[in-house]
Every structure is written in C-alpha cells, then in structure tokens.
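For reference, the structure discussed in these notes is given below.
The values are calculated or read from the model by the stated rules, or taken from the named source; none is laboratory data. As the structure is a prediction and not an experimental result, all values here were calculated from the model. With ideal geometry, Cβ positions are generated from the backbone for all residues, glycine too; neighbour counts draw on all protein chains shown. When the accessible area is computed, the model is the full protein with side chains, heavy atoms only, and any ligands, DNA or RNA have been set aside. Shrake-Rupley method; radii C 1.70, N 1.55, O 1.52, S 1.80 Å.
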Amino acid sequence: MGEKGSRHAALDAGCDTCHTTHKTGAEPTAENRFHLTKAAPALCVDCHDVKDSELQKKHNNQPFGTANCLQCHDPHQSDQPKLIVKFQHAPFQGNGCDTCHQPAKDGKVVLTQTDAKLLCVTCHEDKAKEIESAKVPHPGAAGDCTDCHNPHASSQPGLPKTDSVTICLGCHSDIEELQKKPAHHQPAFAQGCSTCHTPHGGENDHLLRAKGNALCLECHGPESQAQKDAANHLLTIFNGKVRLPEDYYQTNKVPILPLRYGLGHPVEYHPVSDVMDPTNQAKVKTPLSCLSCHQPHASSQAGLLVKDQANNMAFCDNCHKNRLNMKETVLPGK
Ligand code: HEC
Ligand code: HEC
Ligand code: HEC
Ligand code: HEC
Ligand code: HEC
Ligand code: HEC
Ligand code: HEC
Ligand code: HEC
Ligand code: HEC
Ligand code: HEC
Ligand code: HEC
C-alpha cells in the first residue's frame, strides 16, 4: 500500500462478511466466480447507506447507489485513497464528474453529449478515425466505445469494461468455446486478447499485432523485447503498445526458445521459418511457422500443438513420414 493508499475497514469484520465457501453455481457470475454472499451493489449497500446525503455528494449526486460499485472501488485495498481502483481515466481523476455528466434526472445519468460515443469522440477523435480508417477494420469496434471501455476507471490498464478477456468473448463465441479446453495459452485467457490483436483495427490479417513468427517471438524469442515503464510499474511490448505487469516474465515463467538463425526448436537445428510447410496442401505454399505446429489460444493438452495433438512420433509424422530419417531423433521434453 502506497502513502496515499487505503484499506477497507470491512476486512476487520472477516473475509466471510462478503465471501462464502459454499457458492459454486455453474453460471460464471461474479458471485460464483469469487464466492460472494451476493453481488455488488447489494453486497455494499448492506453497510453503506446510499441515501446518505454526504455520501451522495461524494458521488456528485450521480445515481451511484444502483451502479456496480466495483467499476470504481476495490473491495479490499488500493494504492489510491477511498479504495479507488488503480487505473483512472484522466477526466475522472480529481472528481471531474462534470466533464461528462449533467445533474442526474429521475435516477438516471444525463451526459454532456447526446450519447456516450459522441462524448468520447470530443476528446478521442483520433481513435474514432483509427477505427474507421484501419486497413483491416474490426467490425466489433464500430459501435459504442463503451461496448469495451469503462468511462471511469478499472483495475487493468486500458479501462476494459469488465476485464480484458471477457470484453471480447461476448461477441466471439467460437473463442469462448475454446476456453472450455483445459490447456490455455496464458496471454489468451489471462493477460487479454489485445495482447496479440489490435482491438481498434490494424494492419495485419486477423488483426494481429505483428506478421508471422514475429508475433510469438515478441515473448518467446531469445532476446526479450520488453521495455521497462518504471513510473507505472509496468513492462511494455510491441513498441510500447501492450502493457504487462512488471513481474510478468517471472510470474508466468515465459518459455524462451533457444533459436539461432531461425533454427533450434523443437529439436536441435530444427527450422521454424524460411522453409516450406510440407503439411500445407494449398496451391500457394506457406512457409513453416509457429502456427504450422501450434494453436495460439488453447488445446485439450499441454504444448498447444495443432489439432490438439500430443507430442509424439505421430505428430512428427505429420511432416516427416517417408521424408527424413529421424531414427536418432529424440523428442523434445522426453
Ligand atoms: C467488503 C466485502 C469483502 C471483504 C470483507 C473481502 N472481500 Fe474478497 N472480494 C470481494 C469482492 C466484491 C470481490 C470480487 C472482485 C471483482 O469482482 O473484481 C472479491 C474478490 C476476492 C478475490 C479474488 C479476486 C482478487 O482480488 O484477487 C480474493 C482472492 C479475495 N476476494 C479474498 C479475500 C480475502 C482473503 C478476504 C479477507 C482478508 C476478503 N477477500 C475480504 C469482497 C470482499
Ligand atoms: C460489513 C460492512 C461493510 C460492507 C459489506 C462494505 N463496507 Fe465499505 N466500509 C465499511 C466500513 C466500516 C468502512 C469505514 C467507515 C466508512 O468510511 O464508512 C467502509 C469504508 C468504505 C470506503 C471508504 C474507504 C476510505 O478509505 O475512506 C469505501 C470506498 C467503501 N467502504 C466501499 C465499499 C464497497 C465498494 C463495498 C462492496 C464491495 C463495501 N464498501 C462493502 C463497511 C462495509
Ligand atoms: C463512478 C465511480 C463510482 C461508483 C460507481 C461508486 N463510487 Fe464510491 N466513490 C467514488 C469516488 C470518486 C469517491 C471519492 C470521492 C472523494 O475523493 O471525495 C467515492 C467515495 C466513496 C466512499 C467514501 C465516502 C467518504 O465519506 O469519503 C464510499 C463509502 C463509497 N464511495 C461507496 C460506494 C458504494 C457503496 C458504491 C456502490 C453502491 C459506490 N461507492 C459506487 C466513485 C464511485
Ligand atoms: C469521461 C466521461 C465521464 C466521467 C469523467 C465520469 N463519467 Fe460517469 N458515466 C459516463 C458515461 C459515458 C456513463 C454511461 C455508461 C454507459 O454507457 O453505460 C456514465 C455512467 C455513470 C453512472 C451510472 C453507472 C451505472 O452503471 O448505472 C454513475 C453512477 C456515474 N457515471 C458516476 C460518475 C461519477 C461519480 C463521476 C465522477 C467521480 C463520473 N461518473 C465521471 C462518463 C463519465
Ligand atoms: C474531456 C476529455 C475526455 C473525454 C470526454 C474522454 N476521454 Fe478518454 N482520455 C482522456 C485523456 C486526457 C486520456 C489520457 C491520455 C490518453 O491516453 O489519450 C484518456 C485516456 C483514455 C483511455 C486510455 C486509458 C489507458 O489506460 O491508456 C481510454 C481507453 C479512454 N480514454 C476511453 C474513453 C472513453 C470510452 C470515453 C467516452 C466514455 C472517453 N475516453 C472520454 C480524455 C477524455
Ligand atoms: C460488439 C461485438 C464485438 C466485440 C466486443 C469484439 N468483437 Fe471482434 N469482431 C466482431 C465482428 C462482428 C467481427 C467480424 C466477423 C468475424 O470475423 O467474426 C470481428 C472480428 C474480429 C477478428 C478478426 C477475425 C478474422 O477472422 O480475421 C478478431 C481477431 C477479433 N474480432 C478480435 C476481437 C478482440 C480481441 C476483441 C476484444 C478486444 C473483440 N474482437 C471484441 C465483433 C466484436
Ligand atoms: C472492441 C472493443 C473496443 C472498442 C469498441 C473500443 N476500444 Fe478502445 N481499446 C480496446 C482495448 C482492448 C484497448 C487496449 C487496452 C490495453 O490493453 O492497453 C483499447 C485501448 C484504447 C485507448 C488507449 C490507447 C490505445 O490505443 O491503446 C484509447 C484512448 C481507447 N481505446 C479509446 C477508445 C475510443 C474513444 C473508442 C470509441 C471510439 C474505443 N476505444 C472503442 C478495446 C476497444
Ligand atoms: C498469443 C497471441 C494471441 C492471443 C493472446 C489471442 N489470439 Fe486470437 N489469434 C491469434 C493468431 C495467431 C490467430 C490466427 C490463427 C490462424 O491464422 O490460424 C488468431 C485468430 C483469431 C480469430 C480469427 C480466427 C479464429 O480462430 O476464429 C479470432 C476471432 C480471435 N483470434 C480472437 C481472439 C480472442 C477473443 C482472444 C482472447 C480470448 C484472442 N484471440 C487472443 C493469436 C492470439
Ligand atoms: C505476451 C507474451 C506471449 C506471446 C506474444 C506469446 N506467448 Fe506463448 N506463452 C506465454 C506465456 C506467459 C506462456 C507460459 C504460460 C503457459 O503455459 O500458458 C506461454 C506458453 C506457450 C507455449 C507452451 C504451452 C504449454 O502448454 O506448455 C506455447 C507452445 C506457446 N506459448 C506458443 C506461442 C505461440 C505459437 C505464440 C504466437 C502465436 C505465442 N506463444 C505468443 C506468453 C506469450
Ligand atoms: C515443427 C513443429 C514446431 C514448430 C515449427 C514450432 N514448435 Fe514450439 N513446440 C513444438 C513441440 C513438439 C513442442 C513440445 C510440446 C510439448 O511439450 O508437449 C513445442 C514447445 C513449445 C513451447 C514450450 C517450450 C517449453 O520449453 O516449455 C513454446 C513456448 C513453443 N513451442 C513456442 C513456439 C514458437 C514461438 C514457435 C515459432 C517461432 C514454435 N514454437 C514453433 C513444435 C513446434
Ligand atoms: C509442420 C511440419 C513439421 C513437423 C510437425 C515437424 N517437422 Fe521436423 N522438419 C520440418 C521441415 C520443413 C524440416 C526441414 C526440411 C526438411 O528437411 O524436410 C524439418 C527438419 C527436421 C529435422 C532435421 C533438422 C536438421 O538437422 O536439419 C529433424 C531432426 C526434425 N525435423 C525432427 C522433427 C521432430 C522430432 C518432430 C516432432 C517433434 C518434427 N520434426 C516435426 C517440418 C516439420
């Protein structure tokens, strides 16, 4: 906790004031996921009188009593005063509610512009242009900015509305389906989809942040591409465009491949590029790449091999049947 930090006095009443050990419904609601006695705001309103005029004033007399308190407050502690979550939108800081809000009417918010998107675009015209004019557009970004963003604050950088995975899955049910597989690639289902994809549209197929193996080697290459952003306790990759926690590499044990001149994985001297992929039956052959052997999102087993395969001879045979004498080859990891 920093100098300005705050700690919730409710913690003194014990964790079971808000959490229960016996909440295990199948639905992925916040209550079930975090084993809560009930969800916010009901949970919070038990102890905080939202009709109290002092408390209302602290919220600029906006209808906070029916809002999800957790979009602005951390339930436990914070390095900010008043349990405010870590990442605050610049105009929200210092109680700048009036920049975007008029006085509430009939318990509903009234914005300073006719709708949320117009409001955002008054300051972020560049983003609206980026979305409209991208070489590879993302139809998912053409609607409201608040489809993905919280206008106030977030516990993650970039102000995702819920979290950096959930905001995408709502519209991408095929990828949501993949989440059911037991082996997840950390950046896809923990760090967030925009680690590899440009959410506002971009330059490359499938909205990828880099072409070919460069995407994967940003993290798995022998030279780390990460830069320190010491002021914000973050690391950045992809030229500063993606932010990671400062201990990302240690916490997640990112495997680094022993590649030299495009050779050295999955076995000594094995190429990962610059030769053709023999499995590719298309008229236009594609070069061997990480995606010749791996899936980027998930698999039913560790290793994330294509078609959910296990790491065995049959997998190598996809390309090597009748091709190469591999009798002396040792499988990686065996
Ligand atoms: C005032 C109510 C409250 C109390 C007291 C409380 N929690 Fe929580 N806790 C929450 C809420 C609400 C969430 C869900 C946060 C979210 O939706 O992002 C949560 C989430 C969590 C999580 C998962 C997400 C995370 O932040 O890591 C853990 C672990 C957790 N609580 C542990 C504890 C422990 C341990 C205690 C006792 C020291 C405690 N909580 C006391 C309300 C509370
Ligand atoms: C068991 C009772 C209880 C529950 C449940 C509870 N609080 Fe509190 N909360 C307190 C007490 C006690 C204080 C300290 C006195 C005060 O400021 O009212 C406090 C203080 C706060 C503060 C001010 C912190 C500061 O540093 O001044 C915030 C913000 C807050 N609570 C938000 C929440 C939110 C959000 C929830 C729901 C996730 C919640 N509370 C649930 C009892 C509770
Ligand atoms: C839109 C963001 C937002 C939402 C939603 C929100 N709050 Fe707050 N809350 C704030 C801000 C900002 C402050 C700090 C005001 C200040 O610095 O004086 C605050 C302050 C508080 C305080 C401390 C008041 C004091 O006396 O210092 C409490 C308690 C609190 N909120 C509880 C809640 C509860 C309970 C909910 C949900 C029912 C909630 N808040 C929803 C932004 C929010
Ligand atoms: C950058 C503009 C902006 C700022 C600054 C801002 N808000 Fe908002 N607020 C919005 C928008 C946009 C919405 C409607 C979100 C939506 O589309 O659901 C909103 C909604 C709300 C809601 C209703 C949320 C709900 O889920 O019911 C509350 C309460 C609120 N704001 C409180 C505040 C308070 C308090 C402050 C100042 C501490 C504040 N806002 C600052 C833009 C802003
Ligand atoms: C009054 C001007 C203003 C308005 C209105 C405004 N913003 Fe911002 N916003 C800023 C400033 C200033 C920053 C910080 C500098 C930057 O990153 O551009 C920022 C940053 C952001 C960020 C980046 C946060 C981060 O962690 O990098 C997002 C996302 C964002 N705004 C979304 C929105 C959305 C969505 C709306 C509409 C609900 C909105 N903004 C309305 C001024 C504004
Ligand atoms: C409001 C709905 C919506 C949201 C939210 C959304 N998308 Fe999309 N996305 C679409 C639509 C519609 C398409 C075009 C049809 C398709 O390819 O599925 C698309 C296309 C894509 C594509 C290109 C698919 C291809 O085959 O080339 C990617 C990648 C993508 N989205 C990633 C994301 C990511 C990452 C997020 C979260 C930051 C996200 N989407 C959030 C609706 C959405
Ligand atoms: C499909 C979801 C989606 C939509 C819709 C969307 N954004 Fe974003 N936006 C994101 C994600 C994801 C990030 C990256 C957050 C991160 O990881 O740093 C982002 C980042 C930002 C940033 C931080 C700078 C940057 O480019 O990384 C700003 C500012 C921003 N968005 C503004 C907007 C505005 C304004 C709109 C509406 C015109 C909008 N966004 C619509 C998902 C979206
Ligand atoms: C580690 C980087 C990475 C992350 C993180 C990532 N993706 Fe992808 N994604 C890719 C690559 C690479 C492709 C292209 C696959 C191909 O060409 O076969 C892709 C393809 C896609 C496609 C289009 C083709 C398809 O498979 O349906 C969608 C939609 C998509 N991703 C959405 C998402 C969503 C949603 C998330 C977050 C849950 C996410 N991605 C996270 C790397 C990533
Ligand atoms: C943001 C950094 C990042 C990027 C970019 C990234 N990865 Fe990863 N990758 C990780 C982390 C962290 C782990 C270790 C955690 C885990 O096992 O999921 C990992 C693990 C793996 C594993 C081992 C999984 C297992 O089950 O043992 C494979 C294979 C892999 N990545 C392939 C790829 C491919 C292919 C790409 C490009 C499409 C890629 N990675 C891009 C961070 C990244
Ligand atoms: C010719 C097939 C092939 C290619 C091409 C390939 N891999 Fe692999 N990779 C494998 C096999 C096989 C394993 C071992 C899987 C296991 O442990 O079950 C593996 C394992 C990994 C691991 C986990 C290593 C560890 O030490 O835990 C990572 C990370 C990885 N690959 C990333 C990549 C990246 C990034 C690329 C592109 C530069 C790539 N792979 C290209 C076949 C391949
Ligand atoms: C997606 C296709 C593909 C898969 C799967 C694959 N390889 Fe390869 N492998 C190649 C290509 C292409 C070459 C280089 C061209 C050639 O000689 O056929 C190569 C070359 C080799 C070489 C010779 C390296 C040297 O010294 O020049 C060995 C040994 C080898 N592979 C072993 C394996 C093993 C073991 C596996 C299973 C873990 C495997 N390969 C899986 C495509 C693949």
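From the list LYS253, LYS241, LYS307, exactly one residue is open to solvent by 90 Å² or more (accessible area, probe 1.4 Å) and within 11 Å of ligand 10 (Cβ to nearest atom). Which is it? When all the criteria are applied, what remains is LYS253. Summed over region 73-94, the residues that are open to solvent by 60 Å² or more (accessible area, probe 1.4 Å) and either free of Cβ contacts under 8 Å to residues at least 12 places away in the same chain or β-branched (Val, Ile, Thr) (or both) give a count of 3.
Which of (1) more than 19 Å from the chain's Cα centre (by Cα); (2) of a type outside the set (A, V, I, L, M, F, W, C); (3) at pLDDT below 95 is the odd one out, the single condition ASP126 does not satisfy? So the condition that ASP126 fails would be (3). Take LEU70 and decide whether it is aliphatic (A, V, I, L, M), open to solvent by 60 Å² or more (accessible area, probe 1.4 Å) and within 23 Å of PHE92 (Cα to Cα). Spelling it out, LEU70 is indeed aliphatic (A, V, I, L, M), open to solvent by 60 Å² or more (accessible area, probe 1.4 Å) and within 23 Å of PHE92 (Cα to Cα). Summed over region 212-237, residues that are over 19 Å from the mean Cα position of the chain (by Cα) and open to solvent by less than 30 Å² (accessible area, probe 1.4 Å) total 2. Determine if region 263-270 includes at least one residue that is more than 29 Å from ALA142 (Cα to Cα) and in contact with a His (Cβ under 8 Å, 6 or more places away or on another chain). The answer is yes; a qualifying residue exists.
Scanning region 199-258 for residues that are in a loop (DSSP other than H, G, I, E, B) and within 16 Å of ligand 11 (Cβ to nearest atom) gives GLY212, PRO255, LEU257, PRO258.
Residues checked against (1) at positive phi; (2) modelled with pLDDT of 95 or more; (3) more than 16 Å from ligand 5 (Cβ to nearest atom):
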site	(1), (2), (3)
GLN281	no, no, yes
ASP308	yes, yes, yes
ASN311	no, yes, yes
MET326	no, no, yes
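If the condition is being touching a residue at least 60 places away in the same chain (Cβ under 8 Å) and either assigned by TED's automatic domain parsing to the domain that holds LEU178 or touching a Cys at 6+ places or on another chain (Cβ under 8 Å) (or both), then region 295-321 contributes only PRO296. Sort out which residues of region 200-211 are out of contact with any strand residue (DSSP E or B) (no Cβ under 8 Å at 6 or more places or on another chain) and open to solvent by 60 Å² or more (accessible area, probe 1.4 Å), and write them in order of number. Within region 200-211, LYS211 is the sole residue that qualifies. Here CYS145 does not fit the description of being surrounded by fewer than 15 Cβ atoms within 10 Å (Cβ to Cβ), more than 20 Å from ALA298 (Cα to Cα) and away from ligand 11 (no atom under 16 Å from the Cβ). Across region 44-98, what is the total count of residues that are among the small types (Gly, Ala, Ser) and assigned to a loop (DSSP other than H, G, I, E, B)? So the count comes out to 3. Between a residue in region 173-197 that is open to solvent by 60 Å² or more (accessible area, probe 1.4 Å) and any residue that is among the small types (Gly, Ala, Ser) and more than 13 Å from ligand 6 (Cβ to nearest atom), which pairs come within a Cβ distance under 8 Å, given they are 6 or more apart or on different chains? What qualifies is GLN179/ALA298; PRO182/SER300; HIS184/ALA190; HIS184/ALA298. For region 38-64, a residue qualifies if it is surrounded by 15 or more Cβ atoms within 10 Å (Cβ to Cβ) and in contact (Cβ under 8 Å) with a residue 40 or more places away in the chain, and the qualifying residues are GLN62, PRO63. Scanning region 108-138 for residues that are touching a helix residue (DSSP H, G or I) at 6+ places or on another chain (Cβ under 8 Å) and in contact (Cβ under 8 Å) with a residue 60 or more places away in the chain gives LYS127, ILE131, VAL136, PRO137, HIS138.
Considered as a group, the residues in region 99-132 that are open to solvent by 90 Å² or more (accessible area, probe 1.4 Å) and part of a helix (DSSP H, G or I) include one that is farthest from ASP205 (Cα to Cα), and that residue is CYS123.
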